[in-house]
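The values are calculated or read from the model by the stated rules, or taken from the named source; none is laboratory data. Predicted, not measured: the structure shown is a model, and the values here were computed from it. Neighbour counts run over all protein chains shown; Cβ positions are idealised from the backbone, glycine included. Side chains are part of the model used for accessible areas, which takes the heavy atoms of the whole protein and leaves out ligands, DNA and RNA. Shrake-Rupley method; radii C 1.70, N 1.55, O 1.52, S 1.80 Å.
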Amino acid sequence: MIESLKENLMPLKNQLIHHPLYENIHAKEDLKTFMESHVFAVWDFMSLVKKLQLDLTTTTLPWQPPVNNSAAKLINEIVWGEETDLDKDGNSVSHFEMYLNAMRQIGANTLVIENLLSQLQNGKHIFDIIKQMELPSYVTDFLRFTFQTIEESKTHKIAAVFTFGREDLIPDMFISMIKRMNRENEHNFDQIIYYFERHIEVDGDSHGPMALDMITNLCGTDPLKWEEAISASKTALQRRIALWDGINLQITQKEKALT
């Protein structure tokens, strides 16, 4: 069944990997536009991870062994790598904080995402925040789907969205393009380059097979769970494509306005 799921998703995944957005990021301003929307995907990814950690490991007392040791190992490794990694200067930070620092380095606007975090700290519900913030619809729809999936609390669906909708969707050519921009311009993009390279390195070759095993174990022989996993994965990829479409349109419209 897992091979059938992967085959079902391949057309959407190919759309993302070969999306025109990557080729339209030519300059610092384009990269800033990209990061100011993509940061929301960097942030809400951790809520998917932490929900899986709650579901698949023991986070209550007295402690009991996890039901699925392989899935627990995967999620704990990812939490360790994403939430408490080392930045390029050797400081302990989350990948989200790395991304914010990279945004600040190139002068991208971090006030919007910081406002969202501030409202959460003040006790506001995430859906109320999403509704009230004046975010582009493609960002709003992306966030709403993530937290609706989490709130539904079907672990197999969350695992599918995490595995197929979020991991390994930034192609190598995008990182190469930012490196070229770094060489050709006076601007320093080393923090965002480090973020992407570190993200790929921490994911590691073992996480992919472990994530597939996790979905296989969670869905088992239940055809409804497999159907829900496929549907959730497709929607996750479609939301990511819509996010990329929206950012791409914003970049190309700015370029037209300057010509």
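Of all residue pairs spaced 6 or more apart or on separate chains, those with beta-carbon atoms under 6 Å, a first member in the range 85-103 that is farther than 11 Å from VAL39 by Cα and a second member that is assigned to a loop (DSSP other than H, G, I, E, B) are SER92/THR84; VAL93/ASP87. Exactly one residue among VAL67, VAL93, VAL49, VAL42 is under 25 Å from LYS254 (Cβ atoms) and either in contact with a Phe, Trp or Tyr (Cβ under 9 Å, 6 or more places away or on another chain) or of a type in the set (A, V, I, L, M) (or both), and that residue is VAL42.
With a requirement of 3 or more residues that are modelled with pLDDT of 80 or more and hydrophobic (A, V, I, L, M, F, W, C), the helices (runs of 4 or more DSSP H) lying completely within the range 164-259 that satisfy it span 190-219, 223-258. Any residue that is under 26 Å from ASP85 (Cβ atoms) and not in a helix (DSSP H, G or I) - is there at least one of those in the range 26-45? Taking every residue of the range 26-45 in turn, none turns out to be under 26 Å from ASP85 (Cβ atoms) and not in a helix (DSSP H, G or I).
When GLU97, GLU23, GLU77, GLU36 are screened for being acidic (Asp, Glu), open to solvent by 20 Å² or more (accessible area, probe 1.4 Å) and more than 24 Å from PHE147 (Cα to Cα), only GLU23 passes. Would you tally the residues in the range 111-137 being buried (at least 18 other Cβ atoms within 10 Å of the Cβ) and touching a Lys or Arg at 6+ places or on another chain (Cβ under 8 Å)? Of the residues in that region, 1 qualify.
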